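A.B. asks: Take a look at this one; I'll ask things after.
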Amino acid sequence: MNLATLISPEAVAGLESVSSKKRSLEQLAALLVDVNPQLRPAEVFDALMERERLGSTALGKGVAIPHARLPDLDRASIAIIKMDKGIDFDAPDGRPVDVLVALVVPDEANEEHLRILASLAELASDDDFLARFRARQGNAALYDLLRQY
């Protein structure tokens with residue numbers, strides 16, 4: 001699956017740090033609303049938090065993939081944050097998370113949701129890609145690398 005079709009440059013951010021899991025989800029919600037103006041920040045944040053309450057979306061290796069289905073969405077969308085300093089995200093390996101990839105899909109898109117999550121999990125397990133992603137500076141450089149994946 002070509003993830004580049006699901007992301008736009010405005011939804012990629014390199015940040016120095018975020019203070020908590022909650023703040024990181026607020027940042028991701030804001031990015032997703034920037035590229036999906038029909039959504040409300042609180043709606044996206046609440047959906048991502050609700051999913052986190054079911055269990056951490058951290059995969060290990062410093063990566064988490066918060067995700068949710070939303071009724072007011074017409075297509076899948078991704079937002080990505082890379083932080084210089086990781087945060088506790090209850091990861092299975094205990095490692096702080098510094099790469100967050102949020103996915104939102106339309107409420108009825110169950111199969112698409114699973115396909116995209118599988119592609120994101122593959123990306124998150126690619127050590128070479130993660131090293132190159134973490135080394136990149138600037139939102140445009142991060143976006144360009146994602147488009148090439």
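A.B. asks: Looking only at residues that are touching a residue at least 12 places away in the same chain (Cβ under 8 Å) and not in a helix (DSSP H, G or I) in the range 26-53, which one is surrounded by the fewest Cβ atoms within 10 Å (Cβ to Cβ)?
C.D. replies: For the range 26-53, the residue satisfying everything is Q38.
A.B. asks: Return the total of residues in the range 54-107 being assigned to a strand (DSSP E or B) and closer than 16 Å to V44 by Cα. Walk me through how you get there before you give the answer.
C.D. replies: Step one: list which residues in the range 54-107 are assigned to a strand (DSSP E or B), which gives 58-60, 63-64, 67-70, 77-87, 97-106.
Those still in the list that are closer than 16 Å to V44 by Cα too: 67-70, 77-81, 100-106.
Result for the range 54-107: 16.
A.B. asks: So how many residues does the range 1-25 have that are modelled with pLDDT of 90 or more and assigned to a helix (DSSP H, G or I)?
C.D. replies: So the first thing to find is which residues in the range 1-25 are modelled with pLDDT of 90 or more, and the list is 6-14, 18-25.
If we keep only those that are assigned to a helix (DSSP H, G or I) as well, we get 6, 9-11, 21-25.
The number of residues fulfilling the criteria is 9.
A.B. asks: Exactly one of these conditions fails for K85: (1) touching an Asp or Glu at 6+ places or on another chain (Cβ under 8 Å); (2) surrounded by 21 or more Cβ atoms within 10 Å (Cβ to Cβ). Give me its number.
C.D. replies: Result: K85 passes all but (2).
A.B. asks: Among residues belonging to the range 108-129 that are surrounded by 13 or more Cβ atoms within 10 Å (Cβ to Cβ) and not in a helix (DSSP H, G or I), point out the one that is modelled with the lowest pLDDT. Steps first, please.
C.D. replies: Residues of the range 108-129 that are surrounded by 13 or more Cβ atoms within 10 Å (Cβ to Cβ), as a first pass: 109, 112-113, 115-117, 119-126, 129.
Retained after the next criterion (residues that are not in a helix (DSSP H, G or I)): 109, 125-126.
Working: A109: 91, S125: 94, D126: 95.
Checking each candidate, the answer is A109.
A.B. asks: Also, quick follow-up: May I ask you to say which residue of A91, A124 is aliphatic (A, V, I, L, M) and touching a helix residue (DSSP H, G or I) at 6+ places or on another chain (Cβ under 9 Å)? Give the derivation first.
C.D. replies: On the way: A91 fails: touching a helix residue (DSSP H, G or I) at 6+ places or on another chain (Cβ under 9 Å).
None of the others qualify; the one that does is A124.
A.B. asks: Another question, if that's okay. When residues of the range 130-140 are filtered for being outside any loop (DSSP other than H, G, I, E, B) and loosely packed, with under 13 Cβ neighbours inside 10 Å, how many remain?
C.D. replies: At the first step, the residues of the range 130-140 found to be outside any loop (DSSP other than H, G, I, E, B) are 130-135, 139-140.
Now drop any that are not loosely packed, with under 13 Cβ neighbours inside 10 Å, which leaves 131, 135, 140.
Number satisfying all stated conditions: 3.
A.B. asks: Any residue in the range 89-109 that's on the phi > 0 side of the Ramachandran plot: show its pairings with residues that are in a strand (DSSP E or B) and at pLDDT 95 or above at Cβ separation under 8 Å, as long as the two are six or more apart or on different chains.
C.D. replies: Qualifying pairs under 8 Å: D90/A58.
A.B. asks: OK, next. Would you tally the residues in the range 90-149 being closer than 30 Å to L54 by Cα, charged (D, E, K, R) and touching an Asp or Glu at 6+ places or on another chain (Cβ under 9 Å)?
C.D. replies: Result for the range 90-149: 4.
A.B. asks: Follow-up question, since we're still on this one. If you check F45 against the conditions, is it closer than 18 Å to V18 by Cα, aromatic (F, W, Y) and touching a strand residue (DSSP E or B) at 6+ places or on another chain (Cβ under 9 Å)? Steps first, please.
C.D. replies: Working: closer than 18 Å to V18 by Cα: yes; aromatic (F, W, Y): yes; touching a strand residue (DSSP E or B) at 6+ places or on another chain (Cβ under 9 Å): no.
In short, no.
A.B. asks: Further question: Run V44 past the list (1) over 15 Å from D90 (Cβ atoms); (2) modelled with pLDDT of 95 or more; (3) more than 13 Å from the chain's Cα centre (by Cα) and report the number of the one that doesn't hold.
C.D. replies: (3)
A.B. asks: Anything in the range 25-42 that is farther than 19 Å from Q137 by Cα and touching a Leu at 6+ places or on another chain (Cβ under 7 Å)? List them, or say none.
C.D. replies: Narrowing the range 25-42 to residues farther than 19 Å from Q137 by Cα: 25-26, 29-30, 32-42.
Of everything in the range 25-42, those that are farther than 19 Å from Q137 by Cα and touching a Leu at 6+ places or on another chain (Cβ under 7 Å) turn out to be L25, A29, L32, V33, N36, L39.
A.B. asks: Within the range 57-67, can one find any residue that is over 26 Å from A140 (Cβ atoms) and buried (at least 22 other Cβ atoms within 10 Å of the Cβ)?
C.D. replies: Yes, that holds for at least one residue.
The values are calculated or read from the model by the stated rules, or taken from the named source; none is laboratory data. Computed from a prediction, not measured in an experiment: that's the story for all the values here. Neighbour counts run over all protein chains shown; Cβ positions are idealised from the backbone, glycine included.
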